[in-house]
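One structure below.
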Amino acid sequence: MTSSTTDVIDLLAGIREGSSLHALRTARPQTRDNAQKSYEALFEPAHEGDVSRSERFALASFVAGLHVADNVSRFYLAALEKAESSRALIDAVKAEADGGRTVGPYGHYPAGPLSAEDREGLVYHVSEATRLALGSKLSAAFEHAHLLVYRPREASAEALQRLLNAGWTTTGVVTLSQIVAFLSFQIRVVAGLSALSTASIEQAVSA
């Protein structure tokens, strides 16, 4: 696990101390600190509560895989390997991320004016081959995460109830949703910073 003294976004974006991007981030200390504190609250909690560390890292790895954020996915998979001794679980997470990847967003809005924007797409279910390795709770968490990533317009009370039926507590459901939302934010920030870094290097080479 990465120490909380290491800024995870800097690490994932390859930002070095003293670089122009490091100066850019440190110019907004509150934004930088809040992002790091969010990571620590979700992945380095003092008390795991209703979601274990391995469940947190498994879900993060799956979501990063859906976003095709390879460096972020590798980071969370490495953390999962440290927290989880089961090779079957790690392989299952990788397989489900590969199998669940598609193009979105899509789905159906509640009947009304927005129905004209409805789009068909994959309704993801964990494969039977990996459901045993994941267990019923993580399987439900993966299916819900896939819905939030690709079909957010179909989020509903029924979707949340499926998590409760699988054994998650209300507090656990909140944590799962926070992890999916944080990953979406983190991946986009890292992608943007990485693009800026590439542009700076290309500009320096041209000069």
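Ranked from largest to smallest solvent-accessible area, with a 1.4 Å probe on the protein heavy atoms, 37, 82, 94 come out as 82, 37, 94.
Report in % the part of the accessible area of the chain that belongs to carbon and sulfur, leaving out ligands and nucleic acids; probe 1.4 Å. Here it works out to 55 percent.
Listed peptides 8-14, 68-74 appear in the order 8-14, 68-74 once ranked by packing, highest mean of other Cβ atoms within 10 Å at the front.
Once you have a ≥ b ≥ c as the square roots of the Cα gyration tensor eigenvalues for segment 1-141, tell me rounded if a/c is under 1.5, and otherwise prolate or oblate according to whether a/b is larger than b/c. Since a/c reaches 1.5 but b/c is at least a/b, the shape of segment 1-141 is classed as oblate. Rounded to 0.05, the FRET efficiency of the residue 195 and residue 122 pair, given R0 = 25 Å and the Cβ-Cβ distance, is 0.35. Across the protein chains, with a 1.4 Å probe defining accessible surface, the residues 156, 20 rank 20, 156 from largest area downward. Sorting 132, 196, 42 by accessible area puts them as 132, 196, 42; the probe is 1.4 Å, largest comes first, and only protein heavy atoms count. The mean sequence separation of alpha-carbon pairs under 8 Å and at least six residues apart, normalised by the residue count of the chain, gives a relative contact order of 24 percent.
For the chain, the solvent-accessible area of protein heavy atoms averages 52 Å² per residue (probe radius 1.4 Å; ligands and nucleic acids excluded). Once each of the GluC sites (Glu not before Pro) sitting in a DSSP loop with at most 13 other beta-carbon atoms within 10 Å is removed, the chain keeps 121-207 as its longest stretch. For the chain, the 222 nm mean residue ellipticity estimated from helices alone, with every DSSP H stretch of n ≥ 4 adding -39500 (n - 2.57) and the total spread over all residues, rounds to -22000 deg cm²/dmol.
Per-residue SASA remark: residue 123, around 80 Å² accessible (1.4 Å probe; ligands, DNA and RNA not included).
Each Lys and Arg adds +1 at its Cβ and each Asp and Glu adds -1 at its Cβ; summed about the Cα centre, the chain shows a dipole of about 200 debye. Among the protein heavy atoms, those of residue 53 account for about 60 Å² of accessible surface (1.4 Å probe, every chain in place).
The values are calculated or read from the model by the stated rules, or taken from the named source; none is laboratory data. Computed from a predicted model, the values in this text were never measured in an experiment. Here Cβ is always computed from backbone atoms with ideal geometry, including for glycine, and neighbour counts include all displayed protein chains. SASA here: full protein model, heavy atoms, side chains in, ligands and nucleic acids out. Shrake-Rupley method; radii C 1.70, N 1.55, O 1.52, S 1.80 Å.
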